[in-house]
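What follows is one structure encoded as structure tokens, with my remarks underneath.
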Amino acid sequence: MFFKDEKLIDFDPKYPYLLPEDWKDKNSPTVYEILATTNTLKRMYGKKVKEIEQGVISDDEGEESLRNIASNYQTIKSLLFQSR
């Protein structure tokens, strides 16, 4: 039988809000900066979806924003697979 220990803390890694303009060396970002940026873009995507669902922004404007965020995400993610 398993018991839940209330003293244990769930590990939830938190990355800072980071975009490419925040990178220390814009031409050679660290893996950490890339991962933090992709996580920032994921959060931005989720927020935008909620705004669309709540009617805060129009569907057309929201879809354009989602496309831009997704495109930026793919571009940043591709940096992880480039030879250095």
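The values are calculated or read from the model by the stated rules, or taken from the named source; none is laboratory data. All values derive from a computational prediction rather than experimental measurement. Methodologically, a virtual Cβ is constructed for each residue, glycine included, from the backbone with ideal geometry; neighbour enumeration extends over all protein chains shown.
Points worth noting:
- Residues that are β-branched (Val, Ile, Thr), in contact with an Asp or Glu (Cβ under 8 Å, 6 or more places away or on another chain) and in a helix (DSSP H, G or I), drawn from region 38-84: Ile52
- A count restricted to region 1-37 and to residues that are part of a loop (DSSP other than H, G, I, E, B), exposed (fewer than 14 other Cβ atoms within 10 Å of the Cβ) and either modelled with pLDDT of 90 or more or of a type outside the set (Phe, Trp, Tyr) (or both) stands at 18.
- Residue that is surrounded by the fewest Cβ atoms within 10 Å (Cβ to Cβ) [pool: residues in region 41-58 that are touching a helix residue (DSSP H, G or I) at 6+ places or on another chain (Cβ under 9 Å) and either modelled with pLDDT under 90 or of a type outside the set (D, E, K, R) (or both)]: Ser58
- When every residue of region 33-53 is checked against the conditions, at least one turns out to be touching a Lys or Arg at 6+ places or on another chain (Cβ under 8 Å) and either over 14 Å from Tyr73 (Cα atoms) or of a type in the set (Asp, Glu) (or both).
- Pick from region 39-72, criterion free of Cβ contacts under 8 Å to residues at least 12 places away in the same chain and of a type in the set (S, T, N, Q), ranking: farthest from Tyr17 (Cα to Cα): Ser58
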